[in-house]
1. Taking θ = phi - 60°, what integer Hz values does the Karplus form 6.51 cos²θ - 1.76 cosθ + 1.60 yield along the stretch 716-722, in sequence order, with x for Gly and Pro?
2. Over the stretch 69-158, with every protein chain in place, what whole percent of the accessible area is carbon and sulfur at 1.4 Å, could you tell me?
3. Quick one: what are the phi-derived ³J(HN,Hα) couplings along the stretch 412-417, Karplus 6.51/-1.76/1.60 with θ = phi - 60°, whole Hz, x for glycine and proline?
4. With a cap of 16 neighbouring Cβ atoms within 10 Å, and only residues DSSP puts in a loop, list the GluC sites (Glu not before Pro) found in the stretch 234-287.
5. Amide H of Ile170: which non-local residues (sequence gap of 5 or more, or other chain) have their own amide H closer than 5 Å, using H built in the peptide plane?
6. Please report, in Å, the Rg and the Dmax of the chain, where both are computed over Cα atoms only.
7. How big is the charge dipole of the stretch 556-626 about its Cα centre, in debye rounded to the nearest 20, if each Lys and Arg gets +1 on its Cβ and each Asp and Glu gets -1 on its Cβ?
8. Which residue, chosen from Ala237, Leu298, Ala268, occupies the Cα position most advanced towards the positive end of the dipole of the stretch 184-343, where the dipole is computed from +1 (Lys, Arg) and -1 (Asp, Glu) charges on Cβ about the Cα centre?
Amino acid sequence: MDSQVTAVGRVASRAQTAAWPVRSGAIPPLADGFSVRTESAPDLGAALAPGATVVLGPGRAATAGPRDWLSSCGKTQLAVYSAESLWRSGGLDLLVWVVATSRRSVLSGFMEAAAAIKSDHVGDAESVASHFVGWLGETNRSWLVVLDDLRNVEDIEGLWPAGPGGRTLITTTNPAAVPGDHPALALQLREFSTREALSYLMGRLTADPDQRIGAIDLVADLGCEPPALFQASAVIASSGLSCRDYRDFFAQRRAHLAEAADHEQGAAAVTWTISVEQAERLAPGGGGQYLLALAALLDGHAIPGEVFTAAATCEYLSAGTKSPMDPSRAWRALLSLERVGLLIVDPATTPPTARMGSVVQAAIRAATPKRVAELAARAAADALLEVWPAAEPQAWLAENLRACAASLWRAAGDVLWSEGGVHPALVRAGQSLDSARMTGEAVAYWRDLAEANDRILGSGSADTLAAGARLAAALVTAGQTEDAVRWSQWVLAGRARLLGRDHPDTIAARIDLGRAFVAAGQADAALPILEEAAGECEQVLGADRPETLAAREELAIACLSAGKAEEAIGLYRRTLADRERVQGLRHLDTMTTRQRLAEAYLADGRVKDAISQLKRLLSDREKVQGADMLDTIVARASLASAYHSAGRMALAVQLHEQACQGYERVLGPDARETLARRANLANAYYTVGRLSDARSTLRDIIERCERNLPADDPLTATVRESLTNIAGE
């Protein structure tokens, strides 16, 4: 038992190996000329005391419509300054920045933070995020979580960060985004005071003092609006104009817009149009307005810079210029938009990201001609698909791409569908949700896509059926098996009508339906379906094709689930022989089939045969994948259980201990699978008479189960019952 305790102690400290202090999330850079705003901004430093929740919103009620310029009053910038000030002062162990515009982005931000602190918890996105928020409530470390641009209270339901050592800062334009049952201090941020506005403008115009002529009058005309001052100062600084010259342009433009709209426009509603013209002067023929139209369709919190230099973007920009566009010219056009205050480029991230205010985006979308908007939407979708990495090694980049795809879908709507079907970028976004383990979000996404495909393309289209198939798979993952069966049946019927019964896609749909029935606990219903599918695969595709071998294994799984172990063993043995012949003795698929054959042997009580297969499997896994890969650890645990069943307890205990150590290294000591394996170890201790070790192990498991698993998790009850039985002896 000493070796077991040592291993647990060593691994339990794994969560403490993070290099504190820790930062998580892409924090926006401070804009050039940022002002602390001692007169118009609240004192966040004093408000953000440990245990506090502060909500920072605009000082004026939001106006109707998408272009509420006064809502863009610098909330995010003030939040950045406060967060960075706390960080630099050494007052934080953990700083987490989360874009909170949707449930998906909140989940992604918390998952990234959990990874940053080396959390051992595994599971889907909801589980990991919930566990992280629970950790925030218990830890004695100091932390700050910034939820930037929170829009709906539903997006943080069950994920409200709170704790005595923590601070939560929320920026929002929607006061209803914060529920009343959570105590929070609401602070309002107004436009600049006259003194602040003048100081800001003068600070931005340092290269040529003559440009400051007329600054006082310009500040008055702009109404001290932060976005208007930002754009106006950017145009002046990038030109030979003075404040007086800009004021004349501004007055003329405002009068022209007022005449067209039959009412006077706010300052920022005028200044952005002047910025657009200046951008074109800085990069003539550079396609700046076309680039703006594209950027306005994507998620303005973080657009990956690669999108702007993608081949698809360059081809689109060439249509608005007199010569072909290359990536370097496209990037210069983007920088010209930054110079005039229409967006910010953050070079600190890799790849760099562009940030654009939602109000500016709305104004650009409204002013973009329909033909250009449609071209921009298709180009943006092509560019997203072009730069989307297959493996998604950077979680934050994948979330940025997903957010951009979602924003594009909202803005462009049906433009992303054509006679050829739905744009593949929307499919890629759903696949990204699947791979990120955002189970609930994936179900909602595939349902929305299936409904959109049905409305636009019709229920019998290949794309509609493909989205339905992905929805069914997501429902299985989410445990919503009854709905998964219904959708799988619908997909199978549709593909049979569209493609015929013997088409490979129809056969695949039949396999999916069988798998859904098995997941729903209806193995008897799955058997005839999978038998038919396996036979069709062999006839249509060939006996040695991977699809055929996989179909046969699905049938074997159903047989085992239906209690027909002998039939499952026969199928697995045949498949294993075929895989060894076609794919090789140590191919990963071959080893997986060997694992399943051994499990079938155990289910049928043929322990000796199971041990033979598992010994071979463990050796192969160690040689091909290494001793610390999860597949190898699973094989070791399976062999331990087989030895246990055979009564060979010395080997069983040794392998159980090794397997538990492996699970703790890879999944962490609190993962459900780790706890279940340790329960097996406790059972082995009990069998060999090590009652004290069995009791201490079970007590530790119960404590971890209660702390990390849902209250109704059956593992907790099972382990508690085992401890009661041992204590009663």
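The values are calculated or read from the model by the stated rules, or taken from the named source; none is laboratory data. All figures in this text were calculated on a predicted structure; none of them were measured in a lab. We place every Cβ from the backbone using ideal geometry, glycine too, and count neighbours over all the protein chains shown. Surface accessibility is based on the protein's heavy atoms, side chains included, excluding ligands, DNA and RNA. Shrake-Rupley method; radii C 1.70, N 1.55, O 1.52, S 1.80 Å.
1. Taking θ as phi minus 60°, the curve returns 4, 5, 5, 5, 5, 5, 4 Hz for the stretch 716-722.
2. On the way: 1440 of 3050 Å².
C and S fraction of accessible area: 47 percent.
3. 8, x, 5, 4, 7, 10
4. Working: sites: Glu259, Glu264, Glu277, Glu280; in loops: Glu264.
Listed in order of number, the matching sites are Glu264.
5. Close amide H contacts, sequence-distant or interchain: Val54, Val55, Leu56, Leu147.
6. 30.4, 94
7. Working: 14 positive and 10 negative charges, 43 e Å.
The calculated dipole for the stretch 556-626 is roughly 200 debye.
8. The Cα lying farthest towards the positive end belongs to Ala237.
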